[in-house]
Amino acid sequence: MTTATSPANFTQLHLIQPLIARLAELEYQQPTPIQAQVIPSVLAGHDLIAGANTGSGKTAAFALPLLQQLFEQQSNNTGTRGNYVSGLILVPTRELAKQVADSIKSYAVHFNGAIKTVAVFGGVSANTQMLALRGGTDILVATPGRLLDLISSNAIKLDKVKTLVLDEADRMLSLGFTEELNEILALLPKHKQTLLFSATFPEQVQELTQELLKNPVEVQLQSTEASTLVQRVFTVNKGEKTAVLAHLIKQHQWRQALIFVNAKNSCEHLADKLYKRGISVEVFHGDQSQGMRTRVLADFKSGVLDVLIATDIAARGIDIDKLPVVINFDLPRSPSDYMHRIGRSGRAGEVGLALSLIDYEDYHHFKVIEKKNKIRLEREEIEGFEVDTTITEAMLAANKPVAKPAGTGKKKRKKKTQESSDVWLKKS
Ligand code: AMP
């Protein structure tokens, strides 16, 4: 398995001038480690499997060589596209589909329209997407369900696909897209280049890898990139999370804080409670219309909105430049979702902060999250919100969640055990 080496510059990666020029405009000064490893392998035509989170620069890692290959093939091509697609990128969510397609269009600016890119995803009318697909497309970024709909209405055919990219493969499978994925894979030509990106490698992804990839180059980053992300965990009393959160938001005045909860209605409840405490927030979850989600995300990305409360729908793929802080108000159910959530912060070498608020009911689960992700974080307390030691100690002794004793009486306030190194918490 290849590991991170010091990245070359983009010219050394043999990218062509229209791409180099665009990268300079975008102020990408050097390739990220994943780009330094993936780009040459893709250009050499290899299948590839890469362990990469969003924030590592993985979109450009597959998009740049794909654009280059298609551009070069096109120069030798005189034929029409029909309703064919050459590069198919499968992604788990609508937001990611739009984001990946936007990035590709941006990287391709100096191809002057020679490479067509279309994004298709559910939740919006299929008609506009069908129109966009007329005459085929060089690159199609798609969520699996909508892609199958469009195939069954003959809007697109997959038998000329030259490159398949599975982005966030683990998420795709965990969202239950296995059947759709298999249907799509059956429609693809046998001879193609396949690139698979995944943050985690559960059994399902490993099986898929074995079925799909031929002698793949394996790229796994050492956790050097992760060092730009500071993870902290605060113990709080049950029922005090909202007060702690409001305190942190007011104290640090973060410009962009993404707060994760586990349910759609928890988003709304927490938003109401924060609003009553004078903090204006927006919510982002799967019950909102696509239009609403797009608007909220645009406001958050542009900095109009400081605090966004979201379900795990926002945990993958959404790229918000330099997000300074991510807060787990509710712990994610699965340890891998913890990694996806915190991956929203500390993007592409920026310093980020991931905070988790845990009360005694979360304590055991957080240990599981730590164990699975091979991390161990020091429990900290926030001044003014120290935990009730009687409950904490009972919890520690039992090493599992304990029921809060009835009529606990007066809280024993413990002195703050450690000075928070607030350097990471300050508004930058
Ligand atoms: P991704 O992991 O693909 O979601 O990318 C994360 C963020 O890093 C995006 O905002 C990209 O525009 C940015 N990015 C990707 N590659 C580079 C690079 N080589 N230099 C600077 N920023 C980059």
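Computed from the coordinates by the stated procedures, all read-outs in this text should not be read as laboratory data. Because the structure is predicted, anything quoted here is derived from the model rather than measured. Note that we place each Cβ from the backbone using ideal geometry, even for glycine, and neighbour counts take in every protein chain shown.
Listed values, structure above:
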{"read-out": "Fewest-first sequence of 56, 125, 103 by Cβ atoms within 10 Å of each Cβ", "value": "125, 103, 56"}
{"read-out": "The stretch 322-386 shape via C-alpha gyration tensor axes, a/c threshold 1.5", "value": "oblate"}
{"read-out": "Distant-in-sequence amide H partners of residue 116 (H built 1.01 Å from N, under 5 Å)", "value": "138, 139"}
{"read-out": "Tensor-based shape of the stretch 113-156 (alpha-carbon gyration tensor, a/c under 1.5 rounded, otherwise prolate or oblate)", "value": "prolate"}
{"read-out": "Those aspartates and glutamates that a straight Cα-Cα span of less than 17 Å connects to residue 98, excepting residues fewer than 8 apart in one chain", "value": "138, 167, 168, 299, 319, 321"}
{"read-out": "Fully extended contour minus Cα-Cα distance, from residue 268 to residue 185, at 0.36 nm per residue", "value": "26.0 nm"}
{"read-out": "Residues in the stretch 17-34 that a label on residue 112 would reach, taking backbone N under 17 Å of a point 7 Å out along Cα→Cβ", "value": "17-22"}
{"read-out": "Nonlocal amide H pairs with residue 359, under 5 Å, H built at 1.01 Å", "value": "236"}
